[in-house]
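The values are calculated or read from the model by the stated rules, or taken from the named source; none is laboratory data. It should be emphasised that the depicted structure is a prediction, and the values quoted were computed from it without experimental measurement. Heads up, the Cβs are rebuilt from the backbone with ideal geometry, glycines too, and the neighbour counts pull from every protein chain shown.
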Amino acid sequence: MPRLLLYRQLITLLWLAWALYWIVSAANSKTTRRRESLGSRLAHILPLVLGGVLLAGNALPWRGLHDRLWPRSLAAYWIGVVLLPPGSPSRCGRACTSAGTGAARSRSRKATS
């Protein structure tokens with residue numbers, strides 16, 4: 001029974017560790033100088049919310065959303081556990097790593113000159 005509990009909670013713990021890292025990194029970043037437009041913000045937020053609703057909902061509108069891509073197996077689980085942490089930094093991209101350094105701004109100036 002304890003091993004089953006570990007399997008159920010391991011992915012959640014990895015996501016919580018990533019969220020904690022993100023919060024700590026955000027606390028050390030510079031303040032925003034320029035806000036994005038409402039249209040740009042909605043173009044990002046609406047698909048994100050739709051994805052969350054589809055993932056969280058039980059009554060999904062299309063039958064294909066209920067199907068698994070791979071059969072449930074211990075190997076598939078551990079492949080997911082191994083791939084999750086290296087993929088987490090790539091979700092925030094360069095913004096997380098260069099937000100407080102100004103590196104992205106200096107790269108764009110060099111490209112235009």
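If you go through the stretch 45-58 and keep only what is surrounded by 10 or more Cβ atoms within 10 Å (Cβ to Cβ) and not hydrophobic (A, V, I, L, M, F, W, C), you end up with PRO47, GLY51, GLY52, GLY57. Scanning the stretch 20-38 for residues that are surrounded by 11 or more Cβ atoms within 10 Å (Cβ to Cβ) and under 18 Å from the mean Cα position of the chain (by Cα) yields TYR21, TRP22, SER25, ALA26.
Look at (1) surrounded by 10 or more Cβ atoms within 10 Å (Cβ to Cβ); (2) in a helix (DSSP H, G or I); (3) at pLDDT 85 or above and you find that TYR7 fails only one, number (3).
When you check ASN58 against the structure, is it of a type in the set (S, T, N, Q) and within 22 Å of PRO85 (Cα to Cα), yes or no? Criteria not met by ASN58.
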